[in-house]
Amino acid sequence: MSTRSVLNSLRASAPSKTRRFRLWPDQITFHFTAARTSPEINRRQSLEDLARWSKEPIDLDDYPTWRAVFRLLLQIRAPAPLVIVIDEFPYLASDEGGLAEVASELNAAWEQSRLERPMVLVLAGSSVATMEALAASGSPLYGRFDWHGRAARTPLASASVRHSVGPSLRHTY
């Protein structure tokens with residue numbers, strides 16, 4: 001499968017860095033930035049943003065859980081190339097236990113997805129320790145990342161990330 005996943009830990013001083021860290025064209029990149037509100041507000045907002053970006057009608061009530069949202073994200077516009085960026089990923093949950101549940105829901109959706117398509121999933125957040133814990137042993141996402149590290153706004157860092165996720169999206173849009 002040509003799908004790639006990236007864990008991207010950002011410093012707290014730059015939560016909007018992923019917006020400026022443009023590696024892929026807007027037409028194939030869905031970008032959602034979670035807010036420090038509630039999981040329910042973020043879930044609904046992510047669906048509203050996805051509907052606006054994809055220009056597809058989405059009934060919010062059809063996606064009552066993060067697993068349902070993640071399934072939709074992984075299937076949207078299939079089989080076209082897709083980049084999904086979820087900035088401030090930890091804000092999808094209300095606490096550390098909730099974050100493990102959200103990560104587990106993402107893992108379950110990822111495991112069930114059998115789409116053959118070029119895709120990159122970027123999870124970003126400003127709490128470095130929290131983001132690193134997502135890739136640690138015992139986490140539902142352990143072993144799932146092709147690359148993880150701290151991103152910097154430099155051409156060299158951009159090239160490093162692009163190279164690490166492979167050529168699958170370089171010339172497919």
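The values are calculated or read from the model by the stated rules, or taken from the named source; none is laboratory data. On a predicted model such as this, the values are computed, not experimentally measured, just so you know. Neighbour counts run over all protein chains shown; Cβ positions are idealised from the backbone, glycine included.
What do you reckon, is W53 modelled with pLDDT of 95 or more and surrounded by 20 or more Cβ atoms within 10 Å (Cβ to Cβ)?
On the way: modelled with pLDDT of 95 or more: yes; surrounded by 20 or more Cβ atoms within 10 Å (Cβ to Cβ): no.
For W53, the condition - modelled with pLDDT of 95 or more and surrounded by 20 or more Cβ atoms within 10 Å (Cβ to Cβ) - is not met.
Check R150, R43, R77 and return the single one that is at pLDDT below 95, out of contact with any Pro (no Cβ under 8 Å at 6 or more places or on another chain), under 23 Å from Q27 (Cα atoms) and charged (D, E, K, R). Testing whether each residue is at pLDDT below 95, out of contact with any Pro (no Cβ under 8 Å at 6 or more places or on another chain), under 23 Å from Q27 (Cα atoms) and charged (D, E, K, R) leaves just R77. Taking the conditions exactly as written (within 20 Å of R117 (Cα to Cα) and modelled with pLDDT under 90), does P15 satisfy them or not? No. The conditions of being surrounded by fewer than 17 Cβ atoms within 10 Å (Cβ to Cβ) and of a type in the set (A, V, I, L, M, F, W, C) are met by A68.
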